[in-house]
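Some notes on the structure that comes next.
The values are calculated or read from the model by the stated rules, or taken from the named source; none is laboratory data. Bear in mind the structure is a predicted one, so any value in this text is a computation, not a measurement. Cβ: placed from backbone, ideal geometry, glycine included. Neighbour counts: every protein chain shown.
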Amino acid sequence: MIVLGIDPGTANTGYGVVKGEGLGLVSLVECGVIRTRPRDPLSARLSEIYEGVAELLARHRPDAMSVEDVFYAKNVRTTVVLGHARGVVLLAGEQARVTIHEIPPAEIKKAVVGTGAATKEQVQFMLTRLLRLKSVPQPSDAADGVAAALACLMAARAPSLSTPRPRAAHR
């Protein structure tokens, strides 16, 4: 099973592609960041994110996509803008007809580390252990995308962790 994990953001959208193989083996296929230019209008930045995710979906043909669910920032504007980024990511997944899992940050941490209150450093440490990596995926947004993919893969093995969003009927 191949999973594309996404950590949405308008400046940096982190992603990770993880492959689950027999006997519980998992491996990192690719990770990175879709960067947008801060001075560009929001609509242009969203277009870049959409195109980047669509290209990843076309190249890797994942069985599922895991998107970090909304967290509520203290700044309402930050939460709203993050929602825009999530929207274009979800649209790209829907148009690629891939199963989409929306997983809250605490559930991702719980799946990877064992506790929803884990720190970013603890998540990164466990990524290196679980995926047998020599170093933590960089930058941290990429590591967050890898964690989202890994959490989805683990949920597929323990279905109570995550349920996919129901797909709308296409006419």
Answer residue from the stretch 58-77, given it is surrounded by fewer than 21 Cβ atoms within 10 Å (Cβ to Cβ) and under 23 Å from GLN138 (Cβ atoms) and is farthest from the chain's Cα centre (by Cα) among those: ARG59
GLY83 vs. criteria out of contact with any Gly (no Cβ under 8 Å at 6 or more places or on another chain), loosely packed, with under 15 Cβ neighbours inside 10 Å and farther than 21 Å from ASN12 by Cβ: no
Checked the stretch 87-106 for anything surrounded by fewer than 20 Cβ atoms within 10 Å (Cβ to Cβ), modelled with pLDDT of 95 or more and in a helix (DSSP H, G or I); matches are GLY87, LEU90, LEU91, GLU94, GLN95
